[in-house]
Every structure is written in structure tokens, then in C-alpha cells.
Amino acid sequence: MIQINVSKLLKEPIGSIRNYEIGGTVDITGDGVSSKIQGEVRLTRTNRSILVKGTLYTEVEITCSRCLSLFSCPLTLNIEEEYFPLIDVSSGTPLSLPGELGSFTIDEHHVLDLTEAIRQYALLVIPMKPLCREDCAGLCPSCGHNLNQGGCDCPPQEADPRWSKLKKLVLTGLVDEQEGME
Ligand SMILES: [Zn+2]
Ligand SMILES: [Zn+2]
């Protein structure tokens, strides 16, 4: 359940709390692929809204920035958002929103829909340079072979210029050490 009817909670006193198990699917990246959502949220009635707090877990299919293969990247969403009712639950009269841009709302049927918050939070935590695994070997720069699937037949690469600089530093260090020993 990603849409929660909160009509009862809205009628309860300030400070009332409900816990909900969340389960369902959301199209996070907008490409028609649904991601499974799981987790738990706590809803608290405030004087003006319902505060949603909880941790949700999902996964998105993204491309590894090193080997360019698709993999599913687990995401943890720590959600904390206020949802403002569009109408008064008892009288049915429209309520004015606090005017904060991008506020989440509870619709006229008293349904609190977590979909958009889930989407926004997920997009924020998708890594900029995703890796299929921490030690992803990447692609061979000569033939493009995915080195996670074993080596290729290309001759060894020429040393990176940064590496020779590092070597020099190491050598200098060794010389210093030897001089110190004399
Ligand atoms: Zn990779
Ligand atoms: Zn190669």
C-alpha cells in the first residue's frame, strides 16, 4: 500500500500516531519500469497536517558508470514529509495550503499518496557514478571487453603517467630511507 486513507487519523487529536507497512511499486525513473517499494512509515497527526516519517527500501535498474552494464542498485529512502489536507475532514470545506512550494497534499478523499515523495527521494539518492560493485573491473580501453567477465587478449597497457610520478615519489622515499640508515 502506497496510498493511505487517513480520514480517521485526521479526526483524531494532535499527536495521534499510526504505523503502516508500505508495499507496492513506483516508476521512479519515468521509463515505464516499476520498482518494488517496501518499508514502514509512521504517520503523526499535527495541528495542520500529517507528518510522514519512515524508511523505505527499493531498487532501480541503472547503468554501471565503469562497465556500462545494467544492474539493480538498492536505495534506502529516509522519508520525512508533511502532508496537508485539501479539505477539512469534518466539514468538507476547502483548506488553504501553507504556501510552501512543493508541499504534499492529502486529496479530497482523504488519501495520502506516497508515490511522488518516493520518486523524489529515490532520485536524490541514486548515485551520480553508480558502480555495479565496488571493485568493478570496467572495460578494456582497447577492445571494450568487460573485464568483470575475465581478461582479454590485449597487450598490457602502458603505464599511466600519474603512476610513474608516484613511482618516482616512492623511489625518492626509498633513497631518503637509505640515507637515513647510513
Ligand atoms: Zn560495473
Ligand atoms: Zn582488450
For the structure I just gave you, tell me whether Gly24 is within 16 Å of Asn5 (Cα to Cα) and either hydrophobic (A, V, I, L, M, F, W, C) or modelled with pLDDT under 95 (or both).
no
Got at least one residue in the range 125-148 being more than 16 Å from ligand 2 (Cβ to nearest atom) and not in a loop (DSSP other than H, G, I, E, B)?
yes
In the range 83-134, residue least open to solvent (accessible area, probe 1.4 Å) [restricted to those that are basic (Lys, Arg) and within 16 Å of ligand 1 (Cβ to nearest atom)]
Arg133
Which listed residue is under 16 Å from the mean Cα position of the chain (by Cα) and free of Cβ contacts under 8 Å to residues at least 60 places away in the same chain, from Pro98, Pro74:
Pro74
Could you say whether any residue in the range 72-88 is out of contact with any helix residue (DSSP H, G or I) (no Cβ under 7 Å at 6 or more places or on another chain), farther than 20 Å from Val26 by Cβ and within 16 Å of ligand 2 (Cβ to nearest atom)?
no
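The values are calculated or read from the model by the stated rules, or taken from the named source; none is laboratory data. Every value quoted in this text rests on a predicted model; they were computed, and no experiment measured them. FYI the Cβ positions are ideal-geometry reconstructions off the backbone, even for glycines, and counts take in every protein chain you see. Protein only, heavy atoms only, side chains kept; ligands, DNA and RNA dropped before computing areas. Shrake-Rupley method; radii C 1.70, N 1.55, O 1.52, S 1.80 Å.
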